[in-house]
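The values are calculated or read from the model by the stated rules, or taken from the named source; none is laboratory data. The structure displayed is predicted, hence computed values, not measured ones. Cβ placement follows ideal geometry from the backbone for every residue including glycine, while neighbour counts extend to all protein chains displayed.
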Amino acid sequence: MLLEATDIRKVYKTSAKTELEVLKGVSLAVEEGELVAMVGPSGAGKSTLLHIMGGLDRPTDGKVYWGKEDVYQLRDSARSRLINRRVGFVFQFYHLLPELSALENVILPLMIRSGSAKNSRLEFKGMQMLEQLGLTGRADHKPGQLSGGEQQRVAIGRALISDPKILLCDEPTGNLDTRTGEQIVALLKELNRKYKQTI
């Protein structure tokens, strides 16, 4: 099992006397190479569960395992290292740095991880990623010069550049028009089919 959540509960305190239970005993298991989609109405807890499974938000109760690792029994620093090695995140809002080019945004995680500035090895890997995403002609463009779909593909490239075990996508089409959203879904399916990327 690549990722498993067992009996997850999440309760938010809305005031001193009131609580909101968002997740009530949710369990989910994801095998390597699987493509899994969570669907439901707004406010159902999909994003909350995704953040808990990705190690970003602690559950009130329940366990999350990445392989044999109990994620929330790890120290924060160990959990952060695990997240950086194993998980790529794609969000509804792209979170691209506006002053960086598409290529620089894609290779940013590698620059941070290696502690080095942009170099030819990182640029080569970044250009390979942009080629897979159909964006080689946009490598030098800043986010403001890209369409919404292109920005989301750059965000997907940034999430994939570190070869994560799993790609967690939180409403990756929610900020796009229907046609562009369908293209992003098709891209994710192709990444799963062609490269066996767990999504």
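Determine whether residue 55 is farther than 30 Å from residue 141 by Cα and buried (at least 17 other Cβ atoms within 10 Å of the Cβ). So residue 55 passes the test.
When every residue of the range 116-133 is checked against the conditions, at least one turns out to be outside any helix (DSSP H, G or I), within 15 Å of residue 185 (Cα to Cα) and without any contact (Cβ under 8 Å) to a residue 60 or more places away in the chain. Taken over the range 114-152, the criterion of being among the hydrophobic types (A, V, I, L, M, F, W, C) and at pLDDT 90 or above is satisfied by 124, 127, 129, 130, 135, 139, 146. Determine whether residue 144 is crowded, with 19+ Cβ neighbours inside 10 Å and either assigned to a strand (DSSP E or B) or in contact (Cβ under 8 Å) with a residue 40 or more places away in the chain (or both). Taking the combined requirement at face value, the residue does not satisfy it.
Of all residues in the range 36-43, none are over 16 Å from residue 171 (Cβ atoms) and either touching a Lys or Arg at 6+ places or on another chain (Cβ under 6 Å) or not aliphatic (A, V, I, L, M) (or both). When the residues of the range 72-131 are filtered to those that are of a type in the set (D, E, K, R) and more than 23 Å from residue 145 (Cα to Cα), the one that is farthest from the chain's Cα centre (by Cα) is 121. Go through the range 53-82 and give me each residue that's touching a residue at least 12 places away in the same chain (Cβ under 8 Å), part of a helix (DSSP H, G or I) and of a type in the set (Asp, Glu). The answer is none; no residue qualifies.
Looking across the range 83-109, the residues that are of a type in the set (A, V, I, L, M, F, W, C), in contact (Cβ under 8 Å) with a residue 40 or more places away in the chain and either within 23 Å of residue 185 (Cβ to Cβ) or part of a helix (DSSP H, G or I) (or both) come down to 87, 89, 90, 91, 93, 96, 102, 106, 107, 108. Considering the range 159-192, and only residues there that are in contact with a strand residue (DSSP E or B) (Cβ under 8 Å, 6 or more places away or on another chain) and assigned to a helix (DSSP H, G or I), the residue that is nearest to residue 51 (Cα to Cα) turns out to be 159. Each residue in the range 67-122 was checked for being of a type in the set (Val, Ile, Thr) and closer than 26 Å to residue 7 by Cα, and 4 of them qualify.
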